[in-house]
Amino acid sequence: MGDNRALEQIANCAMCANMCKHSCPTYLATGSETLTPQKKARLILYEEKELLEDEQGFFDVAFQCAMCGACKQHCIYDNYDLRRFVRQARSKAFKRDMLPEETRKRVETFKTFGNPKGERQLLQEGAGDTGYLISCSAYGDAKVLEATSAIISASREPVRQFGGADICCGGPLYYAGDMEGFEKAAGRMKERIEDMKLRKLIVDCPTCVKMMTEVYKETGVDLEVEIVHTVEFLDSLLKEGKLKLGRATGSVTYHDPCILANDMGITAAPREVIRALGYELTEPVYSGNDTHCCGGVRGGKIGDGRVSDKVSSMRIAELKETAADVYVTACPTCKGVLSDVNMKYITELVSELIVSD
């Protein structure tokens, strides 16, 4: 586990009152006490002290965490994040070849193609020292790609879009516990950004932003480039008057991506964009820093597809309660997972209102 401080932290969590479980999406969706933050902490502590007999069962629980940070939002301890210890448990599972089957398949695909989706073409468009990273989740979504290109064209900003092929932040490997593979992916991303001589990088995926601004540094990879999320880029374009748009009517429910809200603290910007378009914002019960995870793709942050499906179903039911005209998010993965409510990515909402000169 590393040091006495870490042992003290996980012990405190294991003996806590466990009130944060009421914000934990995997617990709320399954009702399993084993999946509460406190119980996961206890299992991690017991494993560290070699008190567990069922090693596979322990690793199964480690991969039934959404890694969303909801427990951190309501934690009574400063500078503590249970996800750090869950990730360490997943690294042990990876080294011992005890991954969930769906997670194993994603890792194998990544090893073969350099991304979790499989063989794909390299996408490149535009020029300049500002880049726009098309994430793995956005790569196959024609509507998102078209909306992004339309906005960049209308803004007349010199932006260089790139993605596909083996371009990936390495997040899937990180959440699978393959830290060696993740470090290699981080190194490749750094080389690509340096080769393009980028000054600024716009990224459509919250997980990619988290990896590149936070986790890369933990592995010694420092990207010397300004990194912003797409919604921050849109917000600046609108405030600077660089987009000529019409006005929308109707109601919109915005789904806060867990990483964007909990790790990056970006909750105001997307709402400012939505209101600037003319929409009435209709909030779900769980929103902002109290958002619930979408569940993610099967074998992703949640390695157990049965659990991720339950989390997704719970979130879809919560969103449907608003009965909004339009549902929108700022994460391409969330868009795909929450398709039952005809979810849109926020660039689609903006591009629909572009007025031609």
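The values are calculated or read from the model by the stated rules, or taken from the named source; none is laboratory data. Everything numeric here is computed off the predicted structure, so don't read it as measured data. Glycine also receives a Cβ, built like all others from the backbone with ideal geometry; neighbour counts cover every protein chain displayed.
Of these, Gln88, Gln56, Gln64, which one is of a type outside the set (Gly, Ala, Ser), under 27 Å from Glu183 (Cβ atoms) and in contact with a Leu (Cβ under 9 Å, 6 or more places away or on another chain)? Break it down into steps so the answer makes sense when it comes.
Details: Gln88 fails: in contact with a Leu (Cβ under 9 Å, 6 or more places away or on another chain); Gln56 fails: in contact with a Leu (Cβ under 9 Å, 6 or more places away or on another chain).
Result: Gln64 is the single residue among Gln88, Gln56, Gln64 that is of a type outside the set (Gly, Ala, Ser), under 27 Å from Glu183 (Cβ atoms) and in contact with a Leu (Cβ under 9 Å, 6 or more places away or on another chain).
For a quick check of your reading of the model, give me the residue pairs whose first member lies in segment 117-144 and is touching a residue at least 24 places away in the same chain (Cβ under 8 Å), whose second is part of a loop (DSSP other than H, G, I, E, B) and among the basic types (Lys, Arg), with beta-carbon atoms closer than 8 Å and at least 6 apart or on different chains.
Asp129/Lys197; Asp129/Arg199; Thr130/Arg199; Cys136/Lys117; Tyr139/Lys117; Tyr139/Arg120
Per-residue answers, yes or no, for (1) crowded, with 18+ Cβ neighbours inside 10 Å; (2) more than 30 Å from Pro100 (Cα to Cα):
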| position | (1), (2) |
| --- | --- |
| Asp263 | yes, no |
| Ile266 | yes, yes |
| Arg275 | no, yes |
| Glu280 | no, yes |
| Val285 | no, yes |
| Gly299 | yes, no |
| Ala323 | no, yes |
| Thr329 | yes, no |
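Read through the list (1) among the small types (Gly, Ala, Ser); (2) closer than 30 Å to Val350 by Cβ; (3) touching a helix residue (DSSP H, G or I) at 6+ places or on another chain (Cβ under 8 Å), then give the number of the only condition that Ala89 fails.
Result: Ala89 fails condition (2) only.
Please find, within segment 67-95, the residue that is surrounded by the fewest Cβ atoms within 10 Å (Cβ to Cβ) out of those that are within 18 Å of the chain's Cα centre (by Cα) and under 16 Å from Leu7 (Cβ atoms).
Result: Arg84.
Among the residues of segment 124-142, is there at least one that is over 18 Å from the mean Cα position of the chain (by Cα), assigned by TED's automatic domain parsing to the domain that holds Met211 and in a helix (DSSP H, G or I)?
Yes - at least one qualifying residue is present in segment 124-142.
How about segment 207-240: which of its residues are in contact with a strand residue (DSSP E or B) (Cβ under 9 Å, 6 or more places away or on another chain) and more than 21 Å from Ala276 (Cβ to Cβ)?
First, pick out the residues of segment 207-240 that are in contact with a strand residue (DSSP E or B) (Cβ under 9 Å, 6 or more places away or on another chain): 208-209, 212-213, 223, 225-230, 232-233, 236, 238.
The answer is Cys208, Val209, Met212, Thr213, Leu223, Val225, Glu226, Ile227.
Anything in segment 243-268 that is farther than 24 Å from Ser312 by Cα and touching a residue at least 40 places away in the same chain (Cβ under 8 Å)? List them, or say none.
Scanning segment 243-268 gives Leu243, Lys244, Leu245, Gly246, Arg247, Ala248, Gly250.
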